[in-house]
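The values are calculated or read from the model by the stated rules, or taken from the named source; none is laboratory data. Owing to the predicted nature of the structure, the values given are computational and were not obtained by experimental measurement. Here the Cβ positions follow ideal geometry from the backbone for every residue, glycine too, while neighbour counts run over all protein chains shown.
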Amino acid sequence: MTKSDFPLNSLEDFFTELREELENGLGVIRIKGLPVRSFLPEEQRLVFWGLGLHLGTPVPQSIAGEMIGEVRDETRDNPEIGNEIAAHRSKSNNTLGILSSRSRARSNGPLRFHSDGSDLISLLCVRNGLAGGESKVVSTAFLYNEIRRQRPDLHALLCKPYHRFLPNTDRAEGDIVTYAMPIFGVHNGKLSCQYCRTFVEQAQELDYIPGLTGAQTDALDLLAELAERHCIKAPFDEGDIQLINNHVVFHGRTPFEDAVEGGQQRLLLRLWLTPERNRALPKSFGVFWGSTEAGQPRSSIDLQQNTIMA
């Protein structure tokens, strides 16, 4: 389906304003009131996809080619994920590695601040759980400036490469396992960021990766502390759509609770989008994004080969 198959001519100015706000404004938008209960499940996905086409081109979210992701607690349905989460929560096995970001996202636990592997992320709340699941967002421009003000020495480290791990769900056989890139970068007067602390921690489990210095860890800790202290939290309502520019806003969530039985189980649908007029990125970000030129389709998943760009 293309944008012409889902015409919204009367909303053309509205979508232009959305694209402008995402790229040159706050970088985060909440749209309310999509009547999701009026649609069957497949219709919900179709409408969500159609709306997304007016903001950008959907891109794969995994090496398997996942295009519309489901964000829900899968621990009851998937014993492998459930057992992994339970073991980490009980800390019963000291040999356990870092819990993967994908497993975190597929549970009902909290998500640390991070950015996804697309220019834009769109989330549709189909159902809420019983409690919790607040979205957390924070401006990366604020973090950049505040860290530079408080600790210019740590700020300088965040502008230099950190080694990161590529999870096996996001890479093809033969792809490299790690890559190194900064968290903060400035190009053409625009600040861009890419961050997932879990990937940094997983890289540290590999013998051939240099250990983080104390100062590098302090920089990550200060980033996390300021993000938590200065973020905006907002619960999702049924029918909400949240749009985020991953280059300028980090997002996370609080833990949530589902009903054990019945339909009161939280479900968000997720799209990764690349807008037609996306920004140019720092050259040092090319190891993750592939294309750093403005106006080029991009994702952390190669759009042609369906392999991770690293």
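What to note about this one:
- The set of residues from region 4-28 being in a helix (DSSP H, G or I) and surrounded by 15 or more Cβ atoms within 10 Å (Cβ to Cβ) comprises Phe15, Leu18, Arg19, Glu21, Leu22, Glu23.
- Residue-level check: of (1) among the basic types (Lys, Arg); (2) under 18 Å from the mean Cα position of the chain (by Cα); (3) surrounded by fewer than 16 Cβ atoms within 10 Å (Cβ to Cβ), Arg229 misses just (2).
- Residues in region 232-245 that are assigned to a loop (DSSP other than H, G, I, E, B) and either among the charged types (D, E, K, R) or buried (at least 21 other Cβ atoms within 10 Å of the Cβ) (or both): Phe236, Asp237, Glu238, Asp240.
- The set of residues in region 243-276 being of a type in the set (Ser, Thr, Tyr) and closer than 21 Å to His54 by Cα consists of Thr274 alone.
- Within this structure, Ala215 passes the test of being at pLDDT 95 or above, among the hydrophobic types (A, V, I, L, M, F, W, C) and exposed (fewer than 14 other Cβ atoms within 10 Å of the Cβ).
- Residue list for region 52-74, filter: among the β-branched types (Val, Ile, Thr) and not in a loop (DSSP other than H, G, I, E, B): Thr57, Ile68, Val71
- Qualifying residue in region 66-75 (condition: surrounded by fewer than 17 Cβ atoms within 10 Å (Cβ to Cβ) and either at pLDDT below 80 or farther than 23 Å from Ala131 by Cβ (or both)): yes
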